[in-house]
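K.L.:
Here you go, one structure.
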Amino acid sequence: MEASNHSIQIKTWEDNDLDLLFLINAPEMMQHLGGPESKEQILNRHKRYLELGNRGRMFSIKLLPELEPIGSVGYWQATWNDENVYETGWSVLPSYQGIGIATKAVRLAIVEASSENKYKYIHAFPSIDNPASNAVCRKLDFQFISECEFEYPPGSFMRCNNWRYNLIGQ
C-alpha cells in the first residue's frame, strides 16, 4: 500500500467513534503509551474527547471514499515550560501504518489548530522508542527541542522527544 493511493479526511469526534477507541486500545497500539486502558478509562477518554470544547479538538481519521475509521488525531491545550501551547497526538490502526496516513492526518490537524490563532506552538511528545511517530514529526518539519521526561499516563513517566511546530503563518 502507498499513501498516495489513500485519501483521508479528519472528522470531528462523535459519539459513534467509541468503537474506534476500543480498536486503538489494542496492546500493539498502546505499547508506547503505558499499555491498554480499562473499559472505564476508554469510556472516560471518549467523554473527554466529546467535551473538549474550546480547549482543543479530536478527530477520527476516515479513509475515503468508504469513510472507514482508521485512526484518531487531535490537539488540546497544554502548558509546557510555563507557556500555553497545543499538544498533539495520533494513532493509526496497524493495517494502515507505514504508508503516510499519520503524516497526512497530523498535517490536517495542524491546519485546524493554526486556523484558531490561539497559540504560537503545537508540541508532540512521542516516546524516544517510537520511531514511526518521531518520523511523522520530522516529515512535517517539527523542530526537535530535546529529550524530556513526560508524564503519561498520569502517574507514569516516560522518555520522550519534545517536538515543536510553529503555528503562526501556516
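K.L.:
Given the conditions (1) in contact with a Leu (Cβ under 9 Å, 6 or more places away or on another chain); (2) modelled with pLDDT of 90 or more, which single one is not true for LEU108?
P.N.:
(1)
K.L.:
Across segment 64-106, which residue is nearest to TYR165 (Cα to Cα) among those that are part of a helix (DSSP H, G or I) and among the hydrophobic types (A, V, I, L, M, F, W, C)? First the steps, then the outcome.
P.N.:
At the first step, the residues of segment 64-106 found to be part of a helix (DSSP H, G or I) are 94-96, 101-106.
If we keep only those that are among the hydrophobic types (A, V, I, L, M, F, W, C) as well, we get 101-102, 105-106.
Working: ILE101: 19, ALA102: 16, ALA105: 15, VAL106: 11 Å.
Checked segment 64-106; the qualifying residue nearest to TYR165 (Cα to Cα) is VAL106.
K.L.:
If we keep just the residues of segment 31-55 that are surrounded by 13 or more Cβ atoms within 10 Å (Cβ to Cβ) and assigned to a loop (DSSP other than H, G, I, E, B), which is modelled with the lowest pLDDT?
P.N.:
Restricting to residues being surrounded by 13 or more Cβ atoms within 10 Å (Cβ to Cβ) and assigned to a loop (DSSP other than H, G, I, E, B), the top hit is HIS32.
K.L.:
Which of the numbered conditions does TYR75 fail, given that it passes all the others? Conditions: (1) at pLDDT below 95; (2) in contact with an Asp or Glu (Cβ under 7 Å, 6 or more places away or on another chain); (3) not small (Gly, Ala, Ser).
P.N.:
(1)
K.L.:
Right, here's the next one. Does segment 139-161 hold any residues that are in contact (Cβ under 8 Å) with a residue 24 or more places away in the chain and more than 18 Å from GLY74 (Cβ to Cβ), and which are they?
P.N.:
First pass over segment 139-161, keeping only residues in contact (Cβ under 8 Å) with a residue 24 or more places away in the chain: 139-141, 150, 152-153, 156, 158-161.
Correct list: LYS139, ASP141, SER156, MET158, ARG159, ASN161.
K.L.:
Could you say whether any residue in segment 150-166 is crowded, with 20+ Cβ neighbours inside 10 Å and assigned to a loop (DSSP other than H, G, I, E, B)?
P.N.:
No, every residue in segment 150-166 fails to be crowded, with 20+ Cβ neighbours inside 10 Å and assigned to a loop (DSSP other than H, G, I, E, B).
K.L.:
Let me ask you something else. Just a yes or no: is a residue in segment 75-87 small (Gly, Ala, Ser), closer than 24 Å to GLU14 by Cα and in contact with a helix residue (DSSP H, G or I) (Cβ under 6 Å, 6 or more places away or on another chain)? Working first, answer last.
P.N.:
Applying the first criterion (small (Gly, Ala, Ser)) to segment 75-87 yields 78.
Restricting the remaining residues to those that are closer than 24 Å to GLU14 by Cα gives 78.
If we keep only those that are in contact with a helix residue (DSSP H, G or I) (Cβ under 6 Å, 6 or more places away or on another chain) too, we end up with none.
Within segment 75-87, not a single residue is small (Gly, Ala, Ser), closer than 24 Å to GLU14 by Cα and in contact with a helix residue (DSSP H, G or I) (Cβ under 6 Å, 6 or more places away or on another chain).
K.L.:
Output yes when any residue across segment 7-29 is modelled with pLDDT of 85 or more, over 29 Å from LYS118 (Cβ atoms), assigned to a helix (DSSP H, G or I) and out of contact with any strand residue (DSSP E or B) (no Cβ under 7 Å at 6 or more places or on another chain), and no when none is.
P.N.:
Step one: filter segment 7-29 for residues modelled with pLDDT of 85 or more, giving 7-21.
This time we only want the ones that are over 29 Å from LYS118 (Cβ atoms), so: 19.
Filter once more, so that each one left must be assigned to a helix (DSSP H, G or I): 19.
After this cut, where a residue has to be out of contact with any strand residue (DSSP E or B) (no Cβ under 7 Å at 6 or more places or on another chain) as well, the list is 19.
Within segment 7-29, one or more residues are modelled with pLDDT of 85 or more, over 29 Å from LYS118 (Cβ atoms), assigned to a helix (DSSP H, G or I) and out of contact with any strand residue (DSSP E or B) (no Cβ under 7 Å at 6 or more places or on another chain).
K.L.:
Ok, one more. Report every pair of residues separated by at least 6 positions or lying on different chains whose Cβ atoms are under 7 Å apart, first residue within segment 97-114 and polar (S, T, N, Q), second surrounded by fewer than 20 Cβ atoms within 10 Å (Cβ to Cβ) and modelled with pLDDT of 95 or more.
P.N.:
THR103/LYS139; THR103/LEU140
K.L.:
When only residues in segment 128-149 that are surrounded by 18 or more Cβ atoms within 10 Å (Cβ to Cβ) and of a type in the set (S, T, N, Q) count, which is nearest to LYS11 (Cα to Cα)?
P.N.:
The qualifying residue nearest to LYS11 (Cα to Cα) is SER133.
K.L.:
If you go through segment 78-117 one residue at a time, how many are over 13 Å from the mean Cα position of the chain (by Cα) and either among the β-branched types (Val, Ile, Thr) or surrounded by fewer than 16 Cβ atoms within 10 Å (Cβ to Cβ) (or both)?
P.N.:
14
K.L.:
Can you pull out the residues in segment 107-147 that are outside any helix (DSSP H, G or I) and under 19 Å from ARG55 (Cα atoms)? Even if it seems obvious, please write down each step before you answer.
P.N.:
Of the residues in segment 107-147, the ones outside any helix (DSSP H, G or I) are 116-130, 140-147.
The answer is GLU116, ASN117, LYS118, TYR119, LYS120, TYR121, ILE122, HIS123, ALA124, PHE125.
The values are calculated or read from the model by the stated rules, or taken from the named source; none is laboratory data. Only a predicted model underlies this, so the values are computations on that prediction, with no experimental measurement involved. Cβ coordinates were reconstructed from backbone atoms using ideal geometry, including for glycine residues, and neighbour counts include every protein chain displayed.
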